[in-house]
Amino acid sequence: MITNPIDVQQPLDFLLIGGVPLNKPVVRYGPFVMNTKAEIMQAIEDYQNGEMILLISMTQLCNVILM
């Protein structure tokens with residue numbers, strides 16, 4: 001059981017995430033999470049070259065369209 005201590009003045013925020021194990025390696029660096037170090041390096045290079053800006057913009061666009 002998870003409870004707030006008696007003297008806490010604010011509610012407790014709690015996030016539980018569950019799912020089927022991926023059974024794959026996980027490599028992380030900063031905000032990037034991939035399966036290999038090579039994928040991390042590629043993601044950093046893409047970010048530095050501005051190639052992820054389009055992906056973020058397209059995601060935001062899809063969220064607006066679906067609302």
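Every read-out reported here was derived from the displayed coordinates using simple, explicitly stated rules and does not represent laboratory data. It should be emphasised that the depicted structure is a prediction, and the values quoted were computed from it without experimental measurement. Ideal geometry is used to build each Cβ from the backbone, glycine not excepted, and the neighbour counts take in all protein chains shown.
In terms of the mean number of neighbouring beta-carbon atoms within 10 Å, the peptides 16-29, 33-46 order highest first as 33-46, 16-29. A simple charge model with +1 on the Cβ of Lys and Arg, -1 on the Cβ of Asp and Glu and nothing else charged puts the dipole of the chain at about 200 debye relative to its Cα centre. Footprinting exposure proxy ranking of 14, 32, fewest other C-beta atoms within 10 angstrom first, gives 14, 32. One entry in (1) 1.16; (2) 1.36; (3) 1.02 is Rg/Rh (Cα atoms, Kirkwood Rh) calculated from the shown coordinates; its label is (1). Helical content alone sets the calculated 222 nm signal of the chain at -13500 deg cm²/dmol, taking -39,500 (n - 2.57) per DSSP H segment of four or more residues and averaging over every residue. When the Cα positions of 41, 52, 11 are compared along the charge dipole of the chain, 41 comes out farthest toward the positive end, with charges on each C-beta of Lys, Arg, Asp and Glu. A full extension of the chain between residue 6 and residue 39 corresponds to an added length of 7.3 nm, given 0.36 nm per residue minus the alpha carbon distance.
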